[in-house]
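Read the structure below first, then the notes.
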Amino acid sequence: MTSAAATEPDILLVSNGFGEAAIARYIARAIAADRPGARIEHLLLVGRADPNDWPPAVGPSAHMPSGGLVTYWNVRNFARDMRAGLGGLTLAQFRYLTRQRRRDAIVAVGDIFCLALCLVAARRPTIFVATAKSDLVAPHSRLELVIARNAKVTFARDAATAANLKAAGVNAEFAGNIMMDGLTRTGAHLGVVPGALVVAVLPGSRSDAAGALAEQIERLRAFSRLAKRDGRVVQALVSVAPSADEQELCRAAERHGVPLAMSGSANGVIASGADDDMRMSLVRDAFGDLIASADIVFGQAGTANEQAAGSGKPVLAAAAAGEDPNKMGWYRMRQKRLLGDALLVLPGEPNIFAAEVQRLIDDPARVAHMAAVGRERMGPPGGAAAVAKAALAIAEKKKDA
């Protein structure tokens, strides 16, 4: 007799990036909501698995120096990762996938490498969630199109990309931006002071998050001094990514003059404090609440910047030291092309940055324009449910075969 568990869908999610891992979790929640008995597991090609994560993490994983930023021919990051053992890790992950050929379906979340690895190693019906590339930034290459044609269905990150992929023979569609599915409100109390100018601070999810926060504090302080002239208090809500170390963030804040006291909470506000110029809180597992509360965003992140822009929040990023904001590095340049006027890249020097932020705050028409562009470029939510439905349909078809 066949057990009940054996008749439930067996789906493996594979992601290759920190933002992609979060998107995979949104899809997993949508699958579980539709089929609570489904077996759902998650292989992280980038980043180390957390034993407390859901869905359960499986297979080999490790942190790499680049944090997964090896696309667009970033040779330096690729070389650093190879020295840190990327070759051996990838081989181990390939071997793991070759043992997954009894899965009903695989969902590859990320770039074309993620899809190719799943297709070659696992040889199972594979859905491609193409989060890493948009035709708004750069068109897909011939090789990428050849590989994508082997996916059962490709979910593109925007309508224009889906249309171009479909014209090239890829079974592609746009069913909503899955990044926007992650902005659920938890109802967490963030202690926002009435009348405060709320700045969401997104230091990112990689190993340099504490360093990014330290730099952002100096810009926040400069901006706070300007805001005080108008009688306004700045309140900074710092997003703590799942992969970030809150103790490191606290130490970085204290070194830069903002001592934070831990609250003892597991989510919501986990630490808070103030200096003479501003209030600051660290917020975990309440990203949707944090973004909804913000007036503007100081963002050095990837996916989080894009989610904030899609929510209609003006996103301001700082150029790297010595970098011309008009000739930015490849990663921020890619994001700027994707988000257009929703993202403003400013010189990193604190006083210059603060003056430009103040100019923006004083220009409501420009703020409204940035909000409208962000919503248009990112698109509506709903993609996670569409991917879940497709994965379950493939799994059911296999069960019936």
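Structure data summary
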{"read-out": "Filter result for R332 (among the basic types (K, R), crowded, with 16+ Cβ neighbours inside 10 Å and in the same structural domain as D295 (by TED's automatic domain parsing))", "value": "yes"}
{"read-out": "Filter result for the condition that a residue is among the hydrophobic types (A, V, I, L, M, F, W, C), surrounded by fewer than 17 Cβ atoms within 10 Å (Cβ to Cβ), closer than 30 Å to I27 by Cβ and at pLDDT 90 or above, over A163, A175, A200, A156", "value": "A163"}
{"read-out": "Residue within region 373-394 that is outside the structural domain of V109 (by TED's automatic domain parsing), over 23 Å from V137 (Cα atoms) and touching a Pro at 6+ places or on another chain (Cβ under 9 Å) present", "value": "no"}
{"read-out": "Of all residues in region 39-61 being surrounded by fewer than 18 Cβ atoms within 10 Å (Cβ to Cβ) and aliphatic (A, V, I, L, M), the one that is farthest from E8 (Cα to Cα)", "value": "A49"}
{"read-out": "Residue, surrounded by the most Cβ atoms within 10 Å (Cβ to Cβ), within region 336-394, restricted to residues that are β-branched (V, I, T) and assigned to a helix (DSSP H, G or I)", "value": "V387"}
{"read-out": "Test: residue in region 142-164 that is out of contact with any His (no Cβ under 9 Å at 6 or more places or on another chain), aromatic (F, W, Y) and under 24 Å from A308 (Cα atoms)", "value": "yes"}
{"read-out": "Among residues of region 104-121, those that are at pLDDT below 95 and under 18 Å from L392 (Cα atoms), counted", "value": "0"}
{"read-out": "Lone unmet requirement of (1) at pLDDT 90 or above; (2) assigned to a helix (DSSP H, G or I) for M82", "value": "(1)"}
{"read-out": "One residue from P125, P139 being modelled with pLDDT under 95 and over 22 Å from G310 (Cβ atoms)", "value": "P139"}
{"read-out": "Hits in region 105-127 (condition: farther than 16 Å from E41 by Cβ, in contact with a helix residue (DSSP H, G or I) (Cβ under 7 Å, 6 or more places away or on another chain) and either charged (D, E, K, R) or buried (at least 24 other Cβ atoms within 10 Å of the Cβ) (or both))", "value": "G110, L115"}
{"read-out": "Single match in A294, A301 (criterion: among the small types (G, A, S), at pLDDT 95 or above, buried (at least 20 other Cβ atoms within 10 Å of the Cβ) and assigned by TED's automatic domain parsing to the domain that holds Y331)", "value": "A294"}
{"read-out": "Close pairs from region 268-279: first farther than 17 Å from I291 by Cα and part of a loop (DSSP other than H, G, I, E, B), partner aliphatic (A, V, I, L, M) and modelled with pLDDT of 90 or more, Cβ under 6 Å, at least 6 apart", "value": "D275/V258"}
{"read-out": "Residue within region 207-214 that is crowded, with 16+ Cβ neighbours inside 10 Å, out of contact with any Pro (no Cβ under 7 Å at 6 or more places or on another chain), within 24 Å of G182 (Cβ to Cβ) and not charged (D, E, K, R) present", "value": "yes"}
{"read-out": "Subset of region 253-300 that is among the β-branched types (V, I, T) and within 24 Å of the chain's Cα centre (by Cα) - its residue that is nearest to K228 (Cα to Cα)", "value": "I296"}
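The values are calculated or read from the model by the stated rules, or taken from the named source; none is laboratory data. The structure presented is a predicted model; accordingly, all values stated were derived computationally and were not measured. Neighbour counts run over all protein chains shown; Cβ positions are idealised from the backbone, glycine included.
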